[in-house]
Amino acid sequence: MAKVKRSDRLITLRCSVCKRRNYYTNKNKKQVERKIEYQKFCNWCRVKTLHKEGRISGK
Ligand SMILES: [Zn+2]
């Protein structure tokens, strides 16, 4: 039922240390202006690291 709106963009959150994509999230119109950055736990680094917005390639 819940469709993803066109204004929403699916993005990845990439660990700034190992560069792996650990999280997927939607970025809506209101958030587009600024880059998303979160402190999140990285399964690969085994610590909390800064995760930065990244594009999903191929889609
Ligand atoms: Zn990492």
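Bear in mind that the values in this text are calculations on the coordinates, not laboratory data. Fair warning: this is a prediction, and the values are worked out from it, not measured in the lab. Note that we place each Cβ from the backbone using ideal geometry, even for glycine, and neighbour counts take in every protein chain shown.
P(r) tail, segment 9-55: Cα-Cα pairs separated by more than 14 Å, 41% of all pairs. Basic side chains Lys and Arg get +1 at the Cβ, acidic Asp and Glu get -1 at the Cβ, and with that the dipole of segment 9-55 about its Cα centre reaches some 100 debye. With both labels modelled 7 Å from their Cα along Cα-to-Cβ, the VAL17 to VAL47 distance reads 0.4 nm.
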